[in-house]
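Engineer: Let me give you the structure first, and then I'll get to my questions.
The values are calculated or read from the model by the stated rules, or taken from the named source; none is laboratory data. Please read all numbers here as calculations on a predicted model, not as lab measurements. Note: ideal-geometry Cβ built from the backbone for every residue, glycine included; neighbour counts use all protein chains shown.
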Amino acid sequence: MGCVSSKTADSKANRVARWRSTGIVALRDSKLKTFPDEVLTLDRAVRTVDLTHNKIVESSPCMLFTVDVPVEINKLINMQRLILAENLIECLPMNLGKLQSLKVMTLDGNRLSGLPDELGQLVRLEQLSVSRNVLTYLPETLGSLRNLKLLNASNNQLKYLPESIGSCFSLEELQANDNSIDDLPPSICNLVHLKSLSLNNNNVKEVTLFFML
């Protein structure tokens, strides 16, 4: 038993050392139910966390992972990419907004019904993908994401887009297919850098030509 335990400890130590060296934590398809505690010890070393296709789920209301993680995740202040697609996450913690270096956040294929207002604090965010959830709205604070270039909110239960989306001045691609959107907010005419707007399978009957060439 001692030998097996020693090998396990060595394996974990090697894994943590590799993460610290590369800044990349990649644990896809690892059958995880909680966020690995050892990742939190890396603090500023982490640049990318990819936990796609696991079974991560909150254990109490509005907790991203287990009950002791939401406060500690803000230690990863240099993290630029957070990929948590294909899990069982139902809501996000408020302190998510403390991840000020975050540029890419992928949350596709979870059980999110809403996003916290603190999302607007992620001012460096360039890509936000929340497709295949059960979102009924996007927060008005979305408009604070002035560097956002890609927003994918397809396959949700959205009935409208927030008026503040017009303040996402850098937005180039907006995907909102397969929702229940009736109309677009007038502020969308402010998105002068928009190159792609996808609204397939919604209730929008007429799209006004907002942009003059």
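Engineer: If a residue must be farther than 21 Å from residue 204 by Cα and touching a helix residue (DSSP H, G or I) at 6+ places or on another chain (Cβ under 7 Å), how many such residues does the stretch 123-139 contain?
Structural biologist: Summing the residues that are farther than 21 Å from residue 204 by Cα and touching a helix residue (DSSP H, G or I) at 6+ places or on another chain (Cβ under 7 Å) in the stretch 123-139 gives 1.
Engineer: Further, regarding this structure: From 29, 43, 68, which residue is loosely packed, with under 12 Cβ neighbours inside 10 Å, out of contact with any Phe, Trp or Tyr (no Cβ under 9 Å at 6 or more places or on another chain) and either at pLDDT below 90 or among the aromatic types (Phe, Trp, Tyr) (or both)?
Structural biologist: Working: 43 fails: loosely packed, with under 12 Cβ neighbours inside 10 Å; 68 fails: loosely packed, with under 12 Cβ neighbours inside 10 Å.
That would be 29, the only listed residue that is loosely packed, with under 12 Cβ neighbours inside 10 Å, out of contact with any Phe, Trp or Tyr (no Cβ under 9 Å at 6 or more places or on another chain) and either at pLDDT below 90 or among the aromatic types (Phe, Trp, Tyr) (or both).
Engineer: Failed condition for residue 53, given (1) more than 22 Å from residue 108 (Cβ to Cβ); (2) modelled with pLDDT of 90 or more, with all others met?
Structural biologist: (1)
Engineer: Quickly run through the stretch 81-90 and pick out the residues that are crowded, with 17+ Cβ neighbours inside 10 Å and not in a strand (DSSP E or B).
Structural biologist: Taking the stretch 81-90 and keeping what is crowded, with 17+ Cβ neighbours inside 10 Å, we get 81-87, 89-90.
Once the filter is applied, which keeps residues that are crowded, with 17+ Cβ neighbours inside 10 Å and not in a strand (DSSP E or B), the stretch 81-90 yields 84, 85, 86, 87, 89, 90.
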